[in-house]
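A short write-up of the structure that comes next.
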Amino acid sequence: LAAGLVAHVGVVQDGQPYVLPVAYAPWRGGVVFHGSTASRLFKLLAAGAPTCVTITLLDGLLAARSAFESSMEYRCAMLMGTCERLAGADQDEALRAITDHLLPDRWMHIRPPSPQEHKATMVLHLRIDTWSLKVGEGFAEDSAADLDDYAGTWAGRVPLRTVPGVPEADLHARGLPVPQYVSEWGH
């Protein structure tokens, strides 16, 4: 949970499933995420609708000698339960957790949310009832026939990773030095 940045939150309304990507953070034995108070999905979750929150990290592509055996190397957590809407000090603490999870130490350098922003933002805490972890790793497993018939075909692993790039200042921050917590993030 600590390694990911994006979770996919699913809920069913009137037989129709909906899934939404959200920024999240591990928090108090579960995860927290936020969205608009006007969001249909968030209203359903706050009312106690069961949910599944999925976090997947793609670590590589596995190339086999056939499309059937080609795959991915990944880590995935599926977290199931119901959400609780946070308010007051818990809402502030959770917003800080999300902010600092995405960009460590950012919260102490930005202004706090305004009363209007608090009113427009719903923060939910998923207490995990059940969970499932799945890890795909190693190399693809070619059949004996493919190893014989396609011995000249390259197969292996192509590692993938998400790394921060060079920080770019917006129009209003041009000329300001990049803060150390930003320039050192991910290094």
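The values are calculated or read from the model by the stated rules, or taken from the named source; none is laboratory data. For clarity, every value in this text was computed on a predicted model and none was experimentally measured. FYI the Cβ positions are ideal-geometry reconstructions off the backbone, even for glycines, and counts take in every protein chain you see. Quick note on the areas: whole protein, heavy atoms, side chains included, nothing else; ligands and nucleic acids left out. Shrake-Rupley method; radii C 1.70, N 1.55, O 1.52, S 1.80 Å.
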*asked:* Name the single residue that is nearest to Phe42 (Cα to Cα) among those in region 85-96 being open to solvent by 30 Å² or more (accessible area, probe 1.4 Å) and of a type in the set (A, V, I, L, M, F, W, C).
replied: Ala87
*Go through Val158, Val135 for me and flag whichever is in contact (Cβ under 8 Å) with a residue 12 or more places away in the chain, closer than 26 Å to Thr56 by Cβ, surrounded by 11 or more Cβ atoms within 10 Å (Cβ to Cβ) and touching a strand residue (DSSP E or B) at 6+ places or on another chain (Cβ under 7 Å).*
Val135
*Could you list, in sequence order, all residues of region 84-119 that are farther than 29 Å from Pro179 by Cα and out of contact with any His (no Cβ under 6 Å at 6 or more places or on another chain)?*
Arg85, Ala87, Gly88, Lys119
*Can you tell me which residue among Arg65, Arg28 is under 15 Å from Leu126 (Cα atoms) and of a type in the set (Lys, Arg)?*
Arg28
*asked:* Considering only region 44-62, I want to know if a residue exists there that is within 28 Å of Arg161 (Cβ to Cβ) and more than 21 Å from the chain's Cα centre (by Cα).
replied: yes
*Give the residues of region 97-132 that are assigned to a loop (DSSP other than H, G, I, E, B) and open to solvent by 40 Å² or more (accessible area, probe 1.4 Å), sorted by residue number.*
Leu103, Pro104, Asp105, Arg106, Ile110, Arg111, Pro112
*Of all residues in region 161-187 being in contact (Cβ under 8 Å) with a residue 24 or more places away in the chain and part of a helix (DSSP H, G or I), which is farthest from Gly60 (Cα to Cα)?*
Tyr181
*What number of residues within region 22-35 satisfy the criterion of being open to solvent by less than 60 Å² (accessible area, probe 1.4 Å) and not hydrophobic (A, V, I, L, M, F, W, C)?*
4
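Go over the candidates Ala140, Ala151, Ala145 one by one and state the one that is open to solvent by less than 100 Å² (accessible area, probe 1.4 Å), of a type outside the set (Asp, Glu) and in a helix (DSSP H, G or I).
It is Ala145.
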*Being among the small types (Gly, Ala, Ser) and not in a strand (DSSP E or B) is the filter; apply it to region 46-84 and report the residue that is surrounded by the fewest Cβ atoms within 10 Å (Cβ to Cβ).*
Ala67
